Amino acid sequence: MTIRDISKLLNCKVLGGDDNLEHTVHTACGSDLMSDVLAFVKDQAVLLTGLLNPQVVRTAEMMDIVCIVFVRGKTPSDEVVKLANERNIATLSTTCSMFEACGRLYADGLRGGVLV
């Protein structure tokens with residue numbers, strides 16, 4: 001599934017990383033606890049979260065996450081989007097709840113990462 005597919009499926013607004021929309025992702029992780037994110041395999045994943053701080057981008061970078069989807073209609077600051085752009089991480093925003101967004105992705109074939 002590409003980041004563009006995710007954007008369409010979740011009716012997202014693309015905040016940054018337009019150049020990465022054709023990137024393929026294989027797994028997803030939905031969490032507001034960055035410590036939980038660190039427990040997942042880092043291969044080409046998308047992160048769904050309601051957190052808006054720079055630590056989300058730093059965690060995503062450490063785990064080789066290529067896309068962050070901000071759920072519940074949340075929009076991060078320009079600083080956070082810029083930081084993600086600098087690290088080649090696409091950023092999207094959806095009005096879906098975390099539960100609905102994860103459910104839609106799962107129903108369309110995207111699976112969770114394997115616990116380490």
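The values are calculated or read from the model by the stated rules, or taken from the named source; none is laboratory data. Because the structure is a prediction, the values reported are computed rather than measured. Reconstructed Cβ throughout: ideal geometry from the backbone, glycine too, with neighbour counts over all protein chains shown. All accessible areas refer to the heavy atoms of the entire protein, side chains included, with ligands and DNA or RNA removed. Shrake-Rupley method; radii C 1.70, N 1.55, O 1.52, S 1.80 Å.
Worth a mention:
- Applying the set (1) open to solvent by less than 10 Å² (accessible area, probe 1.4 Å); (2) closer than 13 Å to L15 by Cα; (3) assigned to a helix (DSSP H, G or I) to L92 leaves exactly one unmet item: (3).
- Of the criteria (1) part of a helix (DSSP H, G or I); (2) under 21 Å from G103 (Cβ atoms); (3) open to solvent by 20 Å² or more (accessible area, probe 1.4 Å), which one K74 fails: (1)
- Number of the exception - T2 against (1) within 17 Å of T94 (Cα to Cα); (2) out of contact with any Asp or Glu (no Cβ under 8 Å at 6 or more places or on another chain); (3) open to solvent by less than 50 Å² (accessible area, probe 1.4 Å): (2)
- Checked across segment 31-52, the condition of being assigned to a strand (DSSP E or B), in contact (Cβ under 8 Å) with a residue 60 or more places away in the chain and buried (at least 22 other Cβ atoms within 10 Å of the Cβ) holds for at least one residue.
- Here D64 qualifies as in a loop (DSSP other than H, G, I, E, B) and open to solvent by 60 Å² or more (accessible area, probe 1.4 Å).
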